[in-house]
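Chemist: Structure below; questions to follow.
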Amino acid sequence: MRHYFSAAPVRKTLILFLSTYFACSLVASTRTAMADEVETRPASPNVILIVVDDLGWMDLSCQGSDYYKTPHIDRIAKEGVRFTNGYAACAVCSPTRAALQTGRYPARIGVTDWIRSLFQRGKVGTPDRNPTEYVGGKNRKLLCPPNPFWMEHDEVTIAEVLGSHGYKTAYIGKWHLGDEAWYPPGQGYDENRGGCDYGQPPSYFDPYNQPKHRHPMIRAGIPSLPGRQKGEFLTHREADEAVQLIRQWKDQPFFINLGHYAVHTPIQAIDEVAAKYKKEGKSDVNAKYAAMVESIDDSTRDILQTLEDLDLDDRTMIIFTSDNGGLDNGGRPTDNAPLRSGKGYAYEGGIRVPFLVRWPGKIKPGMTSDTPVCSIDVFPTILEAAGIRAPAERKIDGLSLWPLLQPDGQAKLNRDELIWHFPHYRHAPGPYSILRKGNWKLIHFDEGISELYDLENDLSESRNLADKEVDRVEEMQARLSEILESMDAKRPVVNPNFAR
């Protein structure tokens, strides 16, 4: 009997076997490759940027104060890097806030003074575009460029960049960068808890309003931060909003910009806390201000504890700084000594601020750096930490501080210059620009006066060396003008109607 053997089933079986084998091998190799990639690819870190309003350089115990008690903020310094030459990008708030969001100098952005809120403009309202006409009365030698009512939408913010790379983003607290269309949601933030055009809160106590104010917005309180518990202190509410979001987003990368309204005026505090700071030589205003500083420390405590509870410590970078120097009117509400002057002024008291960075496991604890750093550096630092390239089409003035955050702490930035530009009248002798080059600081007032200080040997700026260092002044003035021209910075012009 003849048997016939068909090869078709065998071929089919063989093909199925080989297909399954190679498919399984491919899946296995792909999974191995993906696993290797996951193991080698750095996880996107969480980032919390804490910006305090008007906090002075000496307002923390880690900065040398024996009056203010800030153990939890001090912990950021103890477990990270403290920059002793940390600077705000301006001596007033809005320009620095714009610089923090974009990594660009205020002179380049065009936001060079604090932005007037809608309720502070009378009947002007929200125009179709920012003002362009120079301003000034007959009693001023110079006409000054107008400050805008908002930071333009074509600026690229840190929230927009991080959001496009999978980050959840939130803004909490003081924003002060424009009218409603330019609030944080209009600039890339997923969540907004209290960010609006206010330069200061109507009140620090829930419901955060002034019920008898002429303007309905002030009577209502803080937009997107409605009252919930009568009498709750605003800083503690901001902290609770941050903690809620950290818990909500614990399983994905997040960026939270916590812009405390404190310690800006009105100087208000919880009575029991202020009582701890009443002592000889200190006024009631000093004590209330110290209690406000303590509320910032309370907030920092809650955030650090939440990160620890959720095992997020080593996945989270914290940057802590201020938007300008402390308000110092003869030691009220704070004293910036040994720095000269305070908020709004061109001297160190107006622009030098605390600047701390912490990231456990990535940054060696207890480091101190005397390299000058600035608000403009926050944007590129966060992007490098996240492994994200800065937008190629934008000129970024800041530098990533990552080299300074390395364990040896010996790296240098490829920069020896920082500039400030304030083309407005605020204090005598009028509009000014600043160039810090190395340890030399030139303040050039546009009415024709220059001051030169050697910060290494004269931190208090008590000895103006302009008359002794004429060549240096001329060289630095020329360099300052060159930088401002390269940014197309708006500068004051002669007032033809000045009444001499």
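Chemist: Which of the residues belonging to the stretch 178-213 are among the hydrophobic types (A, V, I, L, M, F, W, C) and part of a strand (DSSP E or B)? Reasoning before the result, please.
Modeler: Start the filter on the stretch 178-213 by keeping residues that are among the hydrophobic types (A, V, I, L, M, F, W, C), which leaves 181-182, 196, 205.
Passing the criteria: only 205.
Chemist: For residues that are outside any loop (DSSP other than H, G, I, E, B) and among the basic types (Lys, Arg), scanning just the stretch 315-370, find the one that is farthest from the chain's Cα centre (by Cα).
Modeler: Filtering the stretch 315-370 for residues that are outside any loop (DSSP other than H, G, I, E, B) and among the basic types (Lys, Arg), the one farthest from the chain's Cα centre (by Cα) comes out as 315.
Chemist: Okay, moving on. Hey, among 148, 207, 184, 201, which residue is buried (at least 17 other Cβ atoms within 10 Å of the Cβ) and either under 17 Å from the mean Cα position of the chain (by Cα) or small (Gly, Ala, Ser) (or both)?
Modeler: That would be 184, the only listed residue that is buried (at least 17 other Cβ atoms within 10 Å of the Cβ) and either under 17 Å from the mean Cα position of the chain (by Cα) or small (Gly, Ala, Ser) (or both).
Chemist: While we're on this one: In this structure, is residue 399 within 19 Å of residue 98 (Cα to Cα) and not in a loop (DSSP other than H, G, I, E, B)? Before the answer, list the steps.
Modeler: Details: within 19 Å of residue 98 (Cα to Cα): yes; not in a loop (DSSP other than H, G, I, E, B): no.
No; evaluated as a whole, the condition is false for this residue.
Results for (1) at pLDDT below 95; (2) assigned by TED's automatic domain parsing to the domain that holds residue 406; (3) within 15 Å of residue 422 (Cβ to Cβ); (4) among the polar types (S, T, N, Q), shown as yes or no for each residue.
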| position | (1), (2), (3), (4) |
| --- | --- |
| 53 | no, yes, no, no |
| 57 | no, yes, no, no |
| 68 | no, yes, no, no |
| 123 | yes, yes, no, no |
| 126 | no, yes, no, yes |
| 130 | no, yes, no, yes |
| 142 | no, yes, yes, no |
| 145 | no, yes, yes, no |
| 148 | no, yes, yes, no |
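Chemist: Another question about this same structure. Within the stretch 68-82, track down each residue that is in a loop (DSSP other than H, G, I, E, B) and either in contact with a Lys or Arg (Cβ under 6 Å, 6 or more places away or on another chain) or buried (at least 18 other Cβ atoms within 10 Å of the Cβ) (or both).
Modeler: Once the filter is applied, which keeps residues that are in a loop (DSSP other than H, G, I, E, B) and either in contact with a Lys or Arg (Cβ under 6 Å, 6 or more places away or on another chain) or buried (at least 18 other Cβ atoms within 10 Å of the Cβ) (or both), the stretch 68-82 yields 68, 70, 79.
Chemist: Checking the condition in contact with an Asp or Glu (Cβ under 6 Å, 6 or more places away or on another chain) and not hydroxyl-bearing (Ser, Thr, Tyr), which residue from 327, 245, 304 passes?
Modeler: 327
Chemist: Also, I was wondering about something else. Inspect all residues belonging to the stretch 274-286 and state whether any of them is outside any helix (DSSP H, G or I) and polar (S, T, N, Q).
Modeler: Just the residues of the stretch 274-286 that are outside any helix (DSSP H, G or I), to begin with: 276-283.
Add one more test, that the residue is polar (S, T, N, Q), and what stays is 283.
Yes, because at least one residue in the stretch 274-286 is outside any helix (DSSP H, G or I) and polar (S, T, N, Q).
Chemist: Can you pull out every residue in the stretch 192-227 that is in contact with a Pro (Cβ under 7 Å, 6 or more places away or on another chain) and of a type in the set (A, V, I, L, M, F, W, C)?
Modeler: Answer for the stretch 192-227, where residues must be in contact with a Pro (Cβ under 7 Å, 6 or more places away or on another chain) and of a type in the set (A, V, I, L, M, F, W, C): 196, 218, 222.
Chemist: Residues of the stretch 345-370 being farther than 25 Å from residue 46 by Cα and among the hydroxyl-bearing types (Ser, Thr, Tyr), which ones?
Modeler: 345, 347 - these are the residues of the stretch 345-370 that are farther than 25 Å from residue 46 by Cα and among the hydroxyl-bearing types (Ser, Thr, Tyr).
Chemist: Looking only at residues that are out of contact with any helix residue (DSSP H, G or I) (no Cβ under 7 Å at 6 or more places or on another chain) and not small (Gly, Ala, Ser) in the stretch 83-112, which one is surrounded by the most Cβ atoms within 10 Å (Cβ to Cβ)?
Modeler: Kept after step one, since they are out of contact with any helix residue (DSSP H, G or I) (no Cβ under 7 Å at 6 or more places or on another chain), are these residues of the stretch 83-112: 83-86, 92-94, 97, 108, 110.
Cutting the leftovers down to not small (Gly, Ala, Ser) gives us 83-85, 92-93, 97, 108.
Values: 83: 24, 84: 16, 85: 17, 92: 26, 93: 27, 97: 29, 108: 23.
Filtering first and then ranking leaves 97.
Chemist: Name every residue in the stretch 422-467 that is crowded, with 20+ Cβ neighbours inside 10 Å, touching a Pro at 6+ places or on another chain (Cβ under 8 Å) and more than 18 Å from residue 141 (Cβ to Cβ), in order of residue number.
Modeler: The one that is crowded, with 20+ Cβ neighbours inside 10 Å, touching a Pro at 6+ places or on another chain (Cβ under 8 Å) and more than 18 Å from residue 141 (Cβ to Cβ): 436.
Chemist: Scan the stretch 413-436 and report the pairs whose first residue is within 15 Å of residue 114 (Cβ to Cβ) and whose second residue is β-branched (Val, Ile, Thr) and not in a loop (DSSP other than H, G, I, E, B), with Cβ atoms within less than 7 Å and a gap of 6+ or a chain change.
Modeler: Note: pairs meeting the criteria are 420/351; 420/434.
Chemist: Collect the residues in the stretch 414-447 that are closer than 11 Å to residue 492 by Cβ and in a loop (DSSP other than H, G, I, E, B), keeping them in residue-number order.
Modeler: Of the residues in the stretch 414-447, the ones closer than 11 Å to residue 492 by Cβ are 421-425, 430-433, 445-447.
423, 424, 425, 430, 431, 446, 447, listed by residue number.
Chemist: Go through the stretch 472-500 and give me each residue that's surrounded by fewer than 16 Cβ atoms within 10 Å (Cβ to Cβ), touching a residue at least 24 places away in the same chain (Cβ under 8 Å) and within 12 Å of residue 444 (Cβ to Cβ).
Modeler: 479
Chemist: Moving to a separate point now. Does the stretch 233-241 contain at least one residue that is within 18 Å of the chain's Cα centre (by Cα) and among the aliphatic types (A, V, I, L, M)?
Modeler: Yes, the stretch 233-241 has at least one match.
The values are calculated or read from the model by the stated rules, or taken from the named source; none is laboratory data. Note that the structure is a prediction, hence the values are computed from the model and not measured. Backbone-built Cβ (ideal geometry, glycine too); neighbour counts: all protein chains shown.
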